[in-house]
Amino acid sequence: MPDSTLTPPVRAATTHVGEPFSVRNPARLVEEVGVLTRGRAAVAEEAVDRAYAAFPSWSGLGAHERAAALFRAADAIDLERAAIAELLTREHGKVLADATAEITNTAKTIRYYAGLADYVERETVLDDARGRIIERRVAMGVVAVIVPWNYPVLLATLMYAPALLAGNTVVVKLPENAPLALSATLQRLVQELPEGVLSVVAGSGGEVGVALTTHPKVRRVSFTGSTETGRTIMRDASSNLKSLGLELGGNDPAIVLESATVNHRLVQGILRGAFMTSGQVCYAPKRLYVHRSRYSEFVDAFTAAADELVVGFGLDPAVSMGPLNNKAQLNTVKELVEASRREGASVRPAGRYEGVEETDGFFMLPTVVSGLDQHSPLVQQEQFGPAVPILPFDSEEEAVALANDSEYGLAASVWSDDTEHAFGLARRIQAGSVFVNVHRVGASDASMPFGGFKQSGVGRGHGEISVDESTELQIIADRTDMQAQI
């Protein structure tokens, strides 16, 4: 069980909670990592009411005073980094190095947004012969943050931190599959903030999530997750015209041009991006397009590199890839791989298990798939797991067409020894972020606007724009001289 210092914050009436549910280690299903109790819809409603009541005083503070509370919370999270990272590995499955990086970057992200206090308080004043105009941004009110399970702590931070700094109050819905480390992190924030400014609720999307997305006092919903759920949230939120920030699915292409040398740097760069967190990353490279002149060489080198991966329990220092987080996701990836095998594709499991049996948890070896065409399910769907299709192309026009042949447009990458040429081709890719010679977690840092084209989302997060999207633009105008002229 988690240490008592990591107990999730409880801010709900006990009459409105449902049955407890067990959070199990996806690498050791016999291990119970912790227990949470599912809230009912009334829990979310109470949290919104508290946030609504706390909004006037919180938004009335100066941004620098709000930032000071965020800085203190970041310091507290740093002090607990090791314990929270271990908890994240045990409940999620990702290796400890990745979990530690997630908690470290969470504190850095909070500090980044706290450092934008001057940006929040800026006003643009225009005086001319007609009078004065003041342009400013003001907090919206209550913001609901609905968090995914793949990077629960960091992705939540990228949504709640700019909202809090801007003067909003926030209700965070925990993911059911990985709630504990996020809950522990949020407890550190709750301790630094006035009552009601930040509330944390657990429960199902169908009940607690819907209660938040339809509540008339919630002015904005920030969500990261699947496109299907994003569509549902958009529909629910339309009843009272909420502001929406939706970072949704991605089926992200990586294009290896003829001008790219297939060397260790290139292969490892794509491999780390594709298999980090067992491929459960929204903007990981999920379909690889390689110029035919480089194709065989790349497939061989990529498969050989994947063979070096060690799969097992994430707290084992010898392990480089953990299990998938949950059975449903494991089944989805396995079904896509089996469909590829039925099509006659070459399906090559790589790597090896260390210290575990495949049946101990939701394990799957990294899998390299070749011999598919563009219309195969593994190419067209977001697999969100450690199975990567590799397809050849003959011309750059074909590569661009294949990359853009998707309902998604979250991220992409172009690989070439000629960086300027790669930048030129990147301009033709329909994706919110196109990376050159890199494609992994960290390629888009907190200061870079991030979001998707097409079915990959609505709005932008990260950077200063995420503060803007957490506020309303207000104009205060004195046009008395102009009125007199009329």
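The values are calculated or read from the model by the stated rules, or taken from the named source; none is laboratory data. Quick caveat: nothing in here was measured; it's all calculated off a predicted structure. Using ideal geometry, Cβ is built from the backbone for each residue, glycine included, and neighbour counts are taken over all protein chains shown.
Can you tell me which residue within the range 9-63, out of those that are assigned to a helix (DSSP H, G or I) and polar (S, T, N, Q), is modelled with the lowest pLDDT?
Here is the first cut: in the range 9-63, the ones assigned to a helix (DSSP H, G or I) are 14-16, 41-60, 63.
Among the residues that remain, those that are also polar (S, T, N, Q) are: 14-15, 57, 59.
Numbers: THR14: 37, THR15: 41, SER57: 98, SER59: 98.
Filtering the range 9-63 for residues that are assigned to a helix (DSSP H, G or I) and polar (S, T, N, Q), the one modelled with the lowest pLDDT comes out as THR14.
For the range 402-423, which residues satisfy the criterion of being within 27 Å of the chain's Cα centre (by Cα), in a helix (DSSP H, G or I) and over 29 Å from PRO349 (Cβ atoms)?
Of all residues in the range 402-423, those within 27 Å of the chain's Cα centre (by Cα) come to 402-415, 422-423.
Those still in the list that are in a helix (DSSP H, G or I) too: 402-404, 422-423.
Scanning the range 402-423 gives ASN404, ALA422, PHE423.
Taking the conditions exactly as written (within 18 Å of TYR283 (Cα to Cα) and either free of Cβ contacts under 8 Å to residues at least 12 places away in the same chain or outside any strand (DSSP E or B) (or both)), does ASP468 satisfy them or not?
Details: within 18 Å of TYR283 (Cα to Cα): no; either free of Cβ contacts under 8 Å to residues at least 12 places away in the same chain or outside any strand (DSSP E or B) (or both): yes.
Here the answer is no, as ASP468 does not meet what is asked.
Output the number of the condition that GLN474 fails; it satisfies all remaining conditions of (1) under 27 Å from ALA117 (Cβ atoms); (2) buried (at least 18 other Cβ atoms within 10 Å of the Cβ).
(2)
With the checklist (1) in contact with a Lys or Arg (Cβ under 6 Å, 6 or more places away or on another chain); (2) farther than 20 Å from HIS64 by Cβ; (3) of a type outside the set (S, T, N, Q) in hand, flag the one item GLU207 doesn't pass.
So the condition that GLU207 fails would be (1).
Which of the residues spanning the range 390-399 are buried (at least 21 other Cβ atoms within 10 Å of the Cβ) and in a helix (DSSP H, G or I)?
Selection gives ALA399 alone.
For the range 370-389, which residues satisfy the criterion of being assigned to a strand (DSSP E or B) and surrounded by fewer than 24 Cβ atoms within 10 Å (Cβ to Cβ)? So that I can check it myself, show each step before the final result.
In the first step, residues of the range 370-389 are kept if they are assigned to a strand (DSSP E or B); the result is 370, 387-389.
Passing the criteria: only SER370.
Here are TYR160, TYR119: which of them is aromatic (Phe, Trp, Tyr) and buried (at least 22 other Cβ atoms within 10 Å of the Cβ)?
Criteria check complete, one pass: TYR160.
Would you say GLY451 is buried (at least 22 other Cβ atoms within 10 Å of the Cβ) and more than 30 Å from ALA339 (Cα to Cα)? Spell out the reasoning first.
Details: buried (at least 22 other Cβ atoms within 10 Å of the Cβ): yes; more than 30 Å from ALA339 (Cα to Cα): yes.
The answer is yes for GLY451.
Can you name the residue in the range 167-196 that is among the β-branched types (Val, Ile, Thr) and surrounded by 24 or more Cβ atoms within 10 Å (Cβ to Cβ) and is also farthest from VAL120 (Cα to Cα) among such residues? Steps first, answer last, please.
Pass one, the range 167-196, residues among the β-branched types (Val, Ile, Thr): 169-172, 185, 190.
From what is left, the residues that are surrounded by 24 or more Cβ atoms within 10 Å (Cβ to Cβ) are 169-172, 185.
On the way: THR169: 15, VAL170: 17, VAL171: 21, VAL172: 22, THR185: 24 Å.
Per the criteria, the residue is THR185.
When the range 346-378 is examined, which residues are found to be among the hydrophobic types (A, V, I, L, M, F, W, C) and without any contact (Cβ under 8 Å) to a residue 40 or more places away in the chain?
Start the filter on the range 346-378 by keeping residues that are among the hydrophobic types (A, V, I, L, M, F, W, C), which leaves 347, 350, 356, 362-365, 368-369, 372, 378.
VAL347, VAL369, LEU372 - these are the residues of the range 346-378 that are among the hydrophobic types (A, V, I, L, M, F, W, C) and without any contact (Cβ under 8 Å) to a residue 40 or more places away in the chain.
For the structure I just gave you, tell me whether ASN325 is of a type outside the set (A, V, I, L, M, F, W, C), in the same structural domain as GLU398 (by TED's automatic domain parsing), at pLDDT 95 or above and not in a helix (DSSP H, G or I). Even if it seems obvious, please write down each step before you answer.
On the way: of a type outside the set (A, V, I, L, M, F, W, C): yes; in the same structural domain as GLU398 (by TED's automatic domain parsing): yes; at pLDDT 95 or above: yes; not in a helix (DSSP H, G or I): yes.
It is true that ASN325 is of a type outside the set (A, V, I, L, M, F, W, C), in the same structural domain as GLU398 (by TED's automatic domain parsing), at pLDDT 95 or above and not in a helix (DSSP H, G or I).
Can you confirm whether the range 330-339 contains a residue that is surrounded by fewer than 19 Cβ atoms within 10 Å (Cβ to Cβ) and in contact with a helix residue (DSSP H, G or I) (Cβ under 8 Å, 6 or more places away or on another chain)? Before you say what the answer is, go through the steps one by one.
Quick first cut of the range 330-339, residues surrounded by fewer than 19 Cβ atoms within 10 Å (Cβ to Cβ) only: 331-332, 334-335, 338-339.
Remaining after also requiring in contact with a helix residue (DSSP H, G or I) (Cβ under 8 Å, 6 or more places away or on another chain): 339.
Yes, there is a match, as at least one residue in the range 330-339 is surrounded by fewer than 19 Cβ atoms within 10 Å (Cβ to Cβ) and in contact with a helix residue (DSSP H, G or I) (Cβ under 8 Å, 6 or more places away or on another chain).
For the range 310-318, does any single residue satisfy the condition of being at negative phi, part of a helix (DSSP H, G or I) and either surrounded by fewer than 20 Cβ atoms within 10 Å (Cβ to Cβ) or assigned by TED's automatic domain parsing to the domain that holds GLU31 (or both)?
Within the range 310-318 (the criterion being at negative phi, part of a helix (DSSP H, G or I) and either surrounded by fewer than 20 Cβ atoms within 10 Å (Cβ to Cβ) or assigned by TED's automatic domain parsing to the domain that holds GLU31 (or both)), the answer is no, since none of the residues qualifies.
Is there a residue being assigned to a strand (DSSP E or B), within 26 Å of GLU397 (Cα to Cα), of a type in the set (Phe, Trp, Tyr) and in contact (Cβ under 8 Å) with a residue 40 or more places away in the chain anywhere in the range 274-290? Can you show your working first?
Our first condition is that a residue be assigned to a strand (DSSP E or B); within the range 274-290, this holds for 285-290.
Those left that are additionally within 26 Å of GLU397 (Cα to Cα): 285-290.
From what's left, of a type in the set (Phe, Trp, Tyr): 289.
Next cut, in contact (Cβ under 8 Å) with a residue 40 or more places away in the chain only: 289.
Looking for residues that are assigned to a strand (DSSP E or B), within 26 Å of GLU397 (Cα to Cα), of a type in the set (Phe, Trp, Tyr) and in contact (Cβ under 8 Å) with a residue 40 or more places away in the chain, one finds at least one in the range 274-290, hence yes.
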